[in-house]
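Notes follow once the structure below has been shown.
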Amino acid sequence: MAKIKKGDLVVVIAGKDKGKQGRVLEVLQDSDRLVVEGVQRVTKHTKVGQSQRGTRTGGIETVEAPIHVSNVMVVDPETKKGTRVGYRTEEVERDGRTRTTRVRVAKRSGKDI
């Protein structure tokens, strides 16, 4: 699940929005779902109320619903197509000590994500 993170550009590979691209707005880790910008838009009926200034709120609005993580792929920065995500370990020298960090890598082109 940690292969896709908030802010990643993803492409939908299954469902009614197949082929659409968008940024990940939110990751719902407990249900393995993502909220993607412009994807899985549903109409939501909100109750009419009043804000502090006295303006009316509510009515019918379209919002993004969560989509399952298996239905999206990360977009490769080089080819602009969907790709799987791999990891590469790097030795980083900081404060006189060497530490290993994991870097996400696109399997299609080998570029860093």
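A compact table of results
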read-out: Net +/- balance of residues flanking Asp112 in space, Cβ distance below 9 Å, scoring K and R +1, D and E -1; value: +3
read-out: Average Cα contact separation per residue, the chain, under 8 Å, 6 or more apart, as relative contact order %; value: 20 percent
read-out: The range 1-54: trypsin sites (Lys or Arg not before Pro) in DSSP loop, at most 15 other beta carbons within 10 Å; value: Lys3, Lys5, Lys6, Lys16, Lys18, Arg53
read-out: Over 23 Å between alpha carbons, listed pairs Lys6/Lys111; Lys5/Lys111; Lys16/Lys107; Lys5/Lys47; Lys16/Lys111; Lys5/Lys44; value: Lys16/Lys107; Lys5/Lys47; Lys16/Lys111; Lys5/Lys44
read-out: Cα gyration tensor shape for the range 1-75, rounded if a/c is under 1.5, else prolate or oblate; value: prolate
read-out: Ascending count of other beta-carbon atoms within 10 Å, so fewest first, for Ser109, Ser70; value: Ser70, Ser109
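Computed from the coordinates by the stated procedures, all read-outs in this text should not be read as laboratory data. Because the structure is predicted, anything quoted here is derived from the model rather than measured. A quick note on method: Cβ atoms are made from the backbone with ideal geometry, for glycine too, and the neighbour counts reach across all protein chains shown.
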